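The values are calculated or read from the model by the stated rules, or taken from the named source; none is laboratory data. The shown structure was predicted, so the numbers you read here are calculated from the model rather than taken from an experiment. Reconstructed Cβ throughout: ideal geometry from the backbone, glycine too, with neighbour counts over all protein chains shown.
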Amino acid sequence: MRGCLRFGFAALLSILGARAEPWVAGFERFHAAAPDAAGGRLLYNELGCVNCHGGDTGLPARRGPDLTGVTTRASAAWLRAFIADPAGHRSGTTMPNLSAATDAADAEAVVHFLGTLAPKNPPRPTRIAHLNAELGKTLYHTRGCVACHAPQADYTPPEGRPAAGEFGYGAAAFPALAEKYDVSTLAAFVRDPVATRPDGRMPRIEMEEQDARDIAAYLLGIAGSDGEAVPRLPSFAPDAALAARGREIVTAARCVACHTLPSVPAAQPIALRRATGGCVDPAPAPGLPRYALSPAQRTALRAYLADRAAPATPAQAAHGTLAALNCVACHERDGQGGPDAARKPYFLGDHNLGDTGRFPPPLTGIGRKLQPEWLSQALAGKNRERPYLKTQMPVYGTAVAALPALLATCDARPGNALPPGEIEAGRKLLGTLGGVSCITCHRWGDRASLGIHALDLSNLARRLQPAWLRDYLINPAAHRPGTLMPSFWPEGKAANRDILGGDTDRQIASILAFAREGKGLPEGFPATSAREFELIPGSRPIVQRTFMADVGTHAILVGFPAGIHLAYDGHDCRPALIWKGRFFDAYGTWFSRFAPFEKPLGETAAAWPKPTEAGGARQFEGYRLDAAGVPTFLFSVGGVPVAERFEPGENGSLRRSLTWNLEALRSLPLAHPAGLIVREAAASAPGKLEFIYTWP
């Protein structure tokens, strides 16, 4: 079964409708009903007007995709049709029609020129061992895709499917995906759209390669496959004469103003002089880009053009940036934005935390809330503090570079500095032994909370600005309506009068002081019995799957009775860590609702280097246990099976054996753990390589 989408476009279009006019999310949601200059500024930026005509909108640049190597990422047939009639092949596209009369010959020549642009990183042919479209359907609907794209009728969230009338705004439509991509090329785009669209309007959601393939399979309507029958994009060989003609066409059409096109001269800005007949008019003059603008879009653009010399204020630039990047699809700021009623059921997480456990946090006052460095890291996709949210914060690339400073300027407010705090008072306040019991709900570093799983407080001083924290602790509901967080300082008065005489500012300052400088834990964490959940290999090895730091989500741990242990990375098909001594504490893996990335208990760990692209794609095939419980890991390289076995050797060493074709084995890039002595042993059988690792 294969189609544009496995469920077709009917459900999407019946709810949201096809559109000829360009779709800019922020404009449609906030300006279409009452078009104004602010909406025109957004359109002038997002439709690429600024790329041709210059000016400073105050918003992040928005260019078209990098067209280097585009014929290796999209089918030539789709490119040909899209160039001739953009809106006809992508509902709501911001790409204007540049051809004089949908000239098929011109479109063909342009595709041949694009075929001459060598890709920066030629795609490697990969063997797709398995596709799980059902898993892809769940990932598409729960990882954040439906914040911008439409949820589909074949997936029912736990609260039930929304009604058509609950959609408060439109969605970014898909092109005919099966005509444009195959599984590999669509998966590559899903996993890292910023690689070819660096301006971040389609951001990157961190995911494993297999997850991206499963999402691609779902979107392409491939129910499942062992990889052999999956259609591939046909190769494209450009014709030199047609390519030369195509280069002339894209040069004359000034495509390079919006797209990366090596070998095409840069396009100089064109001054805006036309009173009539320009791009904004319903009937532009011949040779000009043709946008099927709606009346509201024309009104907004004219309002902005009438006074575009006025620079954007920080507030206008900040609001416009959040609208351009569609941050407001997930986040609310100053009473605007956030998911509409139809999309809220798809935001999943920990319902024990109420709305705060499901929905991304509001951005109101965020420039005053977060420390500048923390905000920059958060916008870069780091410092993920809410692991209970299924919807992930995506990565926008350079598009958010100016946003932290803008938000800090917009949200700045005068406030009184907190007095010095007392570290030990902070320890008691955070704890349950006479304090305000923060650790009942909040974790502290590696220690889980005593109840529900709210934010980690150990990074409080690095994450939050003191003045904002004071205001929040006094009245949490004013900052996030519906929060379960109570106030222990209602109306600024401390509920606990026994610590620091009930001085609110000194108490809050002391909590920050302990988070910043304190050693140990807040009071009240229970003492855990030694080795209560520690795995100790006895007569046989122990094999345990887990999430592990520096290994990933596919870590397979092997603990040997001899006291030497291994972490194998099932995703990249490689050994990752080796250590001696104690093996592993399984408490977090077995009991945590949000399993943390664990660490080995041993003190002498050594790591294998991260894998490179050399040597061909590897596909993990599982592992088998022998009669003694020793695992042999199985993977394939280019379809050829490899077996890799580890077992303790003499004097605390570890023996590694690989079985395959010997000549091929010696050409396979094999890394070894840093800091250990590596010796190649005499192979015990043909087609086998053996290495012995020992500590110095």
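Pairs meeting the criteria (first residue in segment 484-495 and on the phi > 0 side of the Ramachandran plot, second residue outside any loop (DSSP other than H, G, I, E, B) and surrounded by 16 or more Cβ atoms within 10 Å (Cβ to Cβ), beta carbons under 8 Å, at least 6 apart or on different chains) are 491/474; 492/474; 492/504. Is it the case, given these coordinates, that residue 234 is assigned to a loop (DSSP other than H, G, I, E, B), at pLDDT 90 or above and touching a Ser or Thr at 6+ places or on another chain (Cβ under 8 Å)? Against the criterion (assigned to a loop (DSSP other than H, G, I, E, B), at pLDDT 90 or above and touching a Ser or Thr at 6+ places or on another chain (Cβ under 8 Å)), residue 234 does not qualify.
Each row is one residue, and each column tells you yes or no for (1) of a type outside the set (Gly, Ala, Ser); (2) within 34 Å of the chain's Cα centre (by Cα); (3) surrounded by 15 or more Cβ atoms within 10 Å (Cβ to Cβ).
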{"site": "413", "(1), (2), (3)": "yes, yes, no"}
{"site": "424", "(1), (2), (3)": "yes, no, no"}
{"site": "427", "(1), (2), (3)": "yes, no, yes"}
{"site": "434", "(1), (2), (3)": "no, no, no"}
{"site": "457", "(1), (2), (3)": "yes, yes, yes"}
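Looking across segment 291-320, just one residue is in contact with a strand residue (DSSP E or B) (Cβ under 9 Å, 6 or more places away or on another chain) and surrounded by fewer than 18 Cβ atoms within 10 Å (Cβ to Cβ), and that is 292. For residue 83, the criteria (1) over 30 Å from residue 273 (Cα atoms); (2) modelled with pLDDT of 90 or more; (3) assigned to a helix (DSSP H, G or I) hold in every case but one, which is (1). Residues of segment 71-107 that are more than 22 Å from residue 293 (Cα to Cα), crowded, with 19+ Cβ neighbours inside 10 Å and among the hydrophobic types (A, V, I, L, M, F, W, C): 74, 76, 78, 79, 107. Note on segment 264-304: among residues that are touching a residue at least 24 places away in the same chain (Cβ under 8 Å) and of a type in the set (S, T, N, Q), the one that is farthest from residue 63 (Cα to Cα) is 299.
Across segment 137-152, what is the total count of residues that are touching a Leu at 6+ places or on another chain (Cβ under 6 Å) and in a helix (DSSP H, G or I)?
Adding up the residues that qualify gives 1.
Based on this model, can you work out whether residue 621 counts as surrounded by 16 or more Cβ atoms within 10 Å (Cβ to Cβ), under 30 Å from residue 454 (Cβ atoms) and either of a type in the set (S, T, N, Q) or at pLDDT 80 or above (or both)? Spelling it out, it is not the case that residue 621 is surrounded by 16 or more Cβ atoms within 10 Å (Cβ to Cβ), under 30 Å from residue 454 (Cβ atoms) and either of a type in the set (S, T, N, Q) or at pLDDT 80 or above (or both). Restricting attention to segment 622-637, the residues that are part of a strand (DSSP E or B) and in contact (Cβ under 8 Å) with a residue 12 or more places away in the chain total 10.
In this structure, does residue 391 turn out to be surrounded by 20 or more Cβ atoms within 10 Å (Cβ to Cβ) and out of contact with any His (no Cβ under 8 Å at 6 or more places or on another chain)?
So residue 391 passes the test.
Taking segment 182-206 as the range and being within 13 Å of residue 145 (Cα to Cα), assigned to a loop (DSSP other than H, G, I, E, B) and in contact with a helix residue (DSSP H, G or I) (Cβ under 6 Å, 6 or more places away or on another chain) as the test, only 202 passes. Filtering segment 336-348 for residues that are of a type outside the set (Asp, Glu), more than 36 Å from the chain's Cα centre (by Cα) and either surrounded by fewer than 19 Cβ atoms within 10 Å (Cβ to Cβ) or over 30 Å from residue 138 (Cα atoms) (or both) leaves an empty set.
Among the residues that make up segment 527-540, is at least one of them at pLDDT 95 or above and of a type outside the set (S, T, N, Q)?
no
Only one of the numbered conditions (1) more than 18 Å from residue 370 (Cα to Cα); (2) at pLDDT 90 or above is not met by residue 450, and that is (2). Only a single item in (1) out of contact with any Cys (no Cβ under 9 Å at 6 or more places or on another chain); (2) modelled with pLDDT under 85 is not met by residue 629, and it is number (2). Take the conditions within 30 Å of residue 498 (Cβ to Cβ), basic (Lys, Arg) and in contact (Cβ under 8 Å) with a residue 40 or more places away in the chain and apply them to residue 369. Does it pass? Here the answer is yes, as residue 369 does meet what is asked.
Against the list (1) part of a helix (DSSP H, G or I); (2) farther than 19 Å from residue 400 by Cβ; (3) within 26 Å of the chain's Cα centre (by Cα); (4) of a type outside the set (Phe, Trp, Tyr), the condition residue 74 fails is (1). Selection of helices (runs of 4 or more DSSP H) fully inside segment 430-493 by the criterion of at least 2 residues being under 21 Å from residue 349 (Cβ atoms) returns 476-479.
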